[in-house]
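Comments concern the structure below.
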Ligand code: PMP
Ligand code: GLN
């Protein structure tokens, strides 16, 4: 393994899911739903396979039906904020959000460019910045001592920008903290990007999992439409993490740049799933609100159970993750805690420290996923009371 990648090893998600299987534990570590997405959409994929749609290389930018559906989705949910995209030139289908992020960084960074990312950050960010020869510059999100809400220190963000900064890699709703950046925070980020002429890659895969208020796409803020690469994924919105279909929306020039990288990573993305997801994106509003309401109930079950078990819970306003502080349990090291949790309680969680460059800052935080059936969450919560 070369020097660029040597520090990354195996992803924590694979490691902890293997631990869950080995110990027969309830897996609240890796974020994937334990029930699949809509039956009718699975049927649509079967139909596409059977009818021979997408069984051979689909078009590089994605099949027209899916690009049209993505553009229609942006207009339907964000048109009132002034956002609209042209399906032919401003949408690119990718192999999940993971490839969208990788291709965007590979396409837009010169070696030595600095990338500002909110810490704790999703693990692929650091690896992809490294693969692109960039330098990551973390800006740490910290929980407010009283409210427990994770917030961005805008002065720290401003101070992180240098002459070498090329772009900000944003994520809202935010994994692993479950925080949703506020209008004020997004306004400040947009102002800074315009002032310092930065690009922004914004990972909005949890756009439909916002439990209080509404998701605000960064691209809708003043001056941002032309400098923002927006990333989303069918994995989260339709509970098909195994299908690995995501998409990018941006200006023609940015989409064309990202496509240049994508064509040499995967060339194209899986065909039949694209036909099915074109139908998924057109599902009625009740699908989207149903998903959100279901996960809100699950959030409440897990948040209450974790609080009763003695964790300090940072109540998430978005995503399907809860970050907790284990210090009230007399623990300080999230890694050690997560390694022994299967034996002690038969539950698997993720140590947030892996999402930090400043590992000490993340040491006492542990993430639990609640995209699981209620009975599974109840069982996990019951087991955790024994700690
Ligand atoms: N970004 C974030 C913040 C995520 O949580 C995930 C999924 N875990 C991804 C990107 C990757 O999405 P996909 O599975 O579509 O590649
Ligand atoms: N995004 C999911 C999580 O944060 C897992 C993705 C993965 O395993 N790469 O848990």
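Quick note: the coordinates plus some simple rules give every number you see, no bench work behind them. This one's a predicted model, so the numbers in the text were calculated from it and none came from an experiment. Positions of Cβ are generated from backbone atoms using ideal geometry, with glycine treated the same way; all protein chains shown enter the neighbour counts.
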Cα-projected label distance for residue 327 with residue 75, points at 7 Å along beta-carbon direction, nm: 5.1
Debye-sum result for the range 217-259 in log10 I(q)/I(0), which assumes one identical scatterer on each alpha carbon, at q = 0.17, 0.28 Å⁻¹: -0.54, -0.90
Order by protection proxy (mean Cβ within 10 Å, highest first), peptides 173-185, 49-61, 107-119: 173-185, 107-119, 49-61
Sorted by Cβ neighbour density within 10 Å, fewest at the top, the residues 121, 275, 267: 267, 275, 121
Relative frequency of Cα-Cα separations exceeding 16 Å in the range 181-226, percent: 36
Cα gyration tensor, the chain - rounded (a/c under 1.5), prolate or oblate: oblate
Cα shape, the range 31-85, gyration tensor, a/c 1.5 rule: oblate
Förster radius 56 Å - calculated FRET efficiency between residue 146 and residue 266, Cβ distance, rounded to 0.05: 0.75
Using a Förster distance of 45 Å, the FRET efficiency for residue 358-residue 51 (Cβ separation, nearest 0.05): 0.30
Spacing of the two label points (7 Å from each Cα toward its C-beta) at residue 308 and residue 256, in nm: 5.9
From the C-alpha gyration tensor of the range 215-367, square roots of 5λ in Å: 35, 20, 17
Calculated FRET value between residue 159 and residue 5, using beta carbons and R₀ = 30 Å, to 0.05: 0.55
Enclosed volume per residue, in Å³, of the convex hull spanned by Cα atoms of the range 13-154: 224
Rounded, prolate or oblate (a/c below 1.5 giving rounded, otherwise prolate when a/b exceeds b/c) for the range 314-376 by Cα gyration tensor: oblate
Burial ranking of peptide ranges 305-317, 70-82 (average Cβ count within 10 Å, highest at the top): 305-317, 70-82
